[in-house]
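Asks: Take a look at this one; I'll ask things after.
What follows draws every value from the coordinates through simple rules; no lab data is involved. Only a predicted model underlies this, so the values are computations on that prediction, with no experimental measurement involved. Every residue, glycine among them, receives a Cβ derived from its backbone with ideal geometry; neighbour counts consider all protein chains shown.
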Amino acid sequence: MRFVPKSRFPRWIPLLATLPILGACAPDDVTRDNDRRSPAELSYVAPGDFDDYYLFYSGGHSGNVFVAGIPSMRHIVTIPVFTKYPGKGYGYDDVTKELLGDYTWGDIHHPALSKTDGLYDGRWLFVNDNAHNRVARIDLRDFKVKEILGPIPNTSGNHGSSFVTENTEYIMGGTRFSAPIPKGTYAHPEEYEDAFNGVITGIRVDPDTGDMSVGWQVLTPPFNWDLSSTGKGPSSGWAFFTSYNTEMAHTVLEANASQLDRDLGAAVNWRAAEQAVADGNYTEIDGVPVIDPAEVPGVMYFLPIAKSPHGMDTDPSGQWIVAGGKLDPTAGVYSFEKIQAAIEAEDFEDEKRGVPVLNFDSVLEGQVPVGLGPLHTQFDGRGNAYTSMFIDSQVAKWRLPPWSDEEKADLESVVVDKIDVHYNIGHLVVGGSDTREPYGNWLVAMNKHAVGRHIKVGPGIPETSQLIDITGDEMRMVKEAFTDKEPHFAQILRADKIDPIEVYPRAENEHPHAIWSFDDAEIVRNGDSVEVKMISIRSRFVPDIVDVRQGDTVTFHITNTEQTPGLTHGFGIGEMDISGNIDPGETKSFTVEMDKPGVFPFYCTVFCSALHQEMQGYISVRPAEETE
Amino acid sequence: MQGFLKKQELFLRKPLNVWSRLCLVLAAVCLGASFFFPLWEIRLVAPQYRDGLELYIYSYQLQAGNDGQHLDEINLLNHYIGMQPIREADFVEMTWIPFAFGIFILLSLRGVVFGRMGNVVDLFVLFAYFGLFSMGNFYYRLYSYGHNLDPRAPMTIEPFTPVLFGKNRIANFTQFSYPDTGSYFLMAFGLLILVAGVLSLREKPIVPEEAV
């Protein structure tokens, strides 16, 4: 038997040692102390506990926005935007049907949170539709789409969107696929160089209501406008865009658009564009004031960027603009001060269709050799940049300027860390990277290929989203989640920044056919159109028998009179293709053509109560010939 | 017998000293204050109502948590067992209780001005009667709600009386029912009247001259 000595340390010493760790739990306070905790401890959110941050993912061509929590990476809810979503009754009632219009899908790439004074204000989340050239506004008070603008005229593929300016004056947009304008104009793609045009769009946002409208467009050569970011601080009033296909190829772009060593990005002075419209210096095309930058000097300058760039990101200070070329192993850092100086000195290396091309060497601060396939860059607010590398499947952490002469001579020395991601990372996001004050503690890598990362689910594999702790000197992989197709970019918002409602207060209901008492429930006929004012409440519809005639147009105005969180009622009509959801305190209208005679049951689709199953009713449709 | 009556009369004629009168003033203030606070709180807690559904019973009104929404929710849940909806308008006592409070305040002030032990005794007896009657009335209300159940209701349960004081389990709910701040003011009222009486016990009765 071995002798086990008693510890000489009093028991309270280890207890005291845990205090600094406990103190580091607040989201803002994460420092190097976090590094002592295991990844499991860092990302574990106990059942019933809350996450610290919202993660708003774009859902790509699913047309949805996914909401997850950080650090748990748990998917919490889906916000349907451009696609019918029966689970939330989206696209079935009169209002959301009209929102969606004739399209059944959209392609959401870049969500952007609204900002005030260069910081997230928690009011709205804007998302673009790369397919049908739309932009949607989601209200963060109830996580629902309030407006869809578009299709935006003269734009084919609104990819470089939605990036908002410092005070949400504008959402930027750019046409990815150039085409003849206005839309509907015919030209053969062989006439690409002469007959096709690109545009950059400024979408105006009403500061009070959030209502969006197309403010102006700037005409460009038929480049493929890709991504954007907006200026702040010294670069306030400017926006920066990347493009590919400076070659102006119209076919086999993978080769033909990759011939030049540099593509042209753009620096757009959106205040000058606004002024040009005010001064009448534009041509109206398809209802939009279109500015020709050759005619209005100072609105736009081209900026040479390494081959095939994607992201173009302004750092929190507004001084540095980073753009990497996917086919060039560097991240180019541009100095806004130098851009201003070059404009002042007319230090141009070329011009394209009357638009000056800034001298590359004059505006560049340096090209940081980050690795292969640099795609997108984010910032932590502590002077570090994080660049995703699609080809290397890595994230590189590197230091922004100012650099010493020694560092400038060997920019490899400013690359301080790299971490593997799995695999082929597209965008990455650091909370608040596009604001003046990034959160700087978490980075989410959105990876395109998840092969071999999960139990097999057949050929249609999801994507991976990986949570990386960036508080320490070295990046650390903390958590991996799988996401349906297809997160392109995301935004992170502190959970305490917003306080969304969970019921619609009855006092705010302005629906003209809302009713709150069973006594007001009624069926009103006016010729062939019938209006049904209905209540849904646990566990019944009032009325639950609706008599109509074949050929009637029936509108059900259903008020959920509940005011209890979670008590959403559904309204499903079999063989009439209606899936409605009415949230507590909400009134929704569903218009249905009664084409077929017979009896059609309707029922609550959302499990609401023990007698949910009994929550049903009948629409009896009398045949037309039997009608008097 | 004669002696006892004499003694009693002398007792009722004891004057109230300044401390007793001060107590009566304080008592009147307490009763006035009780008006502004709930007398009783009923709270219903269930797994899906972790923070509870709250009902606050004032002397003149019924209030519920979340801007009154909790009452709607309680009534909604109660409809499943066929209980009549709880409505403020049905509590007729809420119209006369404030009136009764006014009388008690006036009687206290009467005691302050007239300053006789008899005033205190009147006040205490009336208030005790009022208190017992109100509690009985309250119990009867609870009994009625729990026993007049609609036989056509979705769920059939044994008639029951919601607990008046303490906690009780009804289906998935735990009901807590306890006096609230207003009741403590009422208790203080009763107590202060007693103290007012006790403080003047040693005073000499004021006897009319012809009786001497």
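Asks: From the phi of every residue in segment A:431-440, what ³J(HN,Hα) in whole Hz does the Karplus formula 6.51 cos²θ - 1.76 cosθ + 1.60 yield, where θ is phi - 60° and glycine or proline is x?
Replies: x, x, 4, 8, 10, 6, 10, x, 5, x
Asks: Using only the alpha-carbon atoms, how far is helix B:117-147 inclined from the longest principal axis of chain B? Give it as 0 to 90 degrees, nearest 10.
Replies: Once rounded, one gets 10 degrees.
Asks: In whole Hz, with x marking every Gly and Pro, tabulate ³J(HN,Hα) for segment A:521-533 from phi via Karplus 6.51 cos²θ - 1.76 cosθ + 1.60, θ = phi - 60°.
Replies: After applying 6.51 cos²θ - 1.76 cosθ + 1.60, I find 5, 7, 10, 10, 9, 9, x, 8, 10, 10, 10, 10, 9 Hz.
Asks: Something else now. For chain A, what's the relative contact order in percent, using C-alpha pairs closer than 8 Å and at least 6 residues apart?
Replies: Across chain A, relative contact order equals 10 percent.
Asks: Note down the magnitude of the dipole of segment B:59-212 about its Cα centre, charges +1 on Lys and Arg C-beta and -1 on Asp and Glu C-beta and zero elsewhere, to the nearest 20 debye.
Replies: It works out to roughly 320 debye.
Asks: Per residue Cα convex hull volume for segment B:14-201, in cubic angstrom?
Replies: Measuring per residue, one finds 110 Å³ for the Cα hull of segment B:14-201.
Asks: While we're looking at this one, here's another question. Could you tell me how far the Cα centroid of segment A:567-602 sits from the Cα centroid of segment B:145-184, in Å?
Replies: Centre-to-centre (Cα) distance: 37 Å.
Asks: Roughly speaking, what is the centre-to-centre gap between segment B:27-84 and segment A:266-334 when only Cα atoms are used, to the nearest Å?
Replies: Segment B:27-84 and segment A:266-334 have Cα centres spaced 61 Å from each other.
Asks: Now for a different question. Residue by residue, what Karplus-based ³J(HN,Hα) values in Hz, rounded to whole numbers, does segment A:189-197 have, using 6.51, -1.76 and 1.60 with θ = phi - 60° and x for Gly and Pro?
Replies: x, 5, 8, 3, 4, 9, 9, 9, 9
Asks: So for segment A:464-605, what percent of the C-alpha to C-alpha distances run longer than 18 Å?
Replies: 66
Asks: Alpha carbon centre of segment A:421-436 versus segment A:103-171: separation in Å?
Replies: If you average the Cα positions of each part, the centres end up 18 Å apart.
Asks: Let me check I have the definition right: for the protein assembly as shown, take the eigenvalues of the Cα gyration tensor, multiply each by 5, take square roots. What are those semi-axes in whole Å, largest first?
Replies: 68, 38, 26
Asks: Under 10 Å from the Cβ of A:T559, count the other residues' Cβ atoms, weight Lys and Arg +1, Asp and Glu -1, and hand me the total. Display every interim value, and only then the final one.
Replies: Working: positive: A:R506, A:K533, A:K588; negative: A:D520, A:E562, A:E586.
With Lys, Arg at +1 and Asp, Glu at -1, the net is 0.
Asks: Can you check what the net charge comes to around A:I391, using other residues whose Cβ is under 14 Å from the Cβ of A:I391 (Lys, Arg +1; Asp, Glu -1)?
Replies: Its environment carries a net charge of +1.
Asks: How large is the helix-only mean residue ellipticity at 222 nm for the protein assembly as shown, computed as the sum of -39500 (n - 2.57) over DSSP H runs with n ≥ 4, divided by its residue count, in deg cm²/dmol to the nearest 500?
Replies: Mean residue ellipticity, 222 nm, calculated: -6000 deg cm²/dmol.
Asks: Net charge near A:F571: determine it from the other residues with C-beta under 13 Å of the C-beta of A:F571, scoring Lys and Arg +1 and Asp and Glu -1. Let's see the in-between values first.
Replies: On the way: positive: A:K88, A:R540, A:K588; negative: A:D93, A:D94, A:D544, A:D577, A:D583, A:E586.
My count for the surroundings of A:F571 gives -3.
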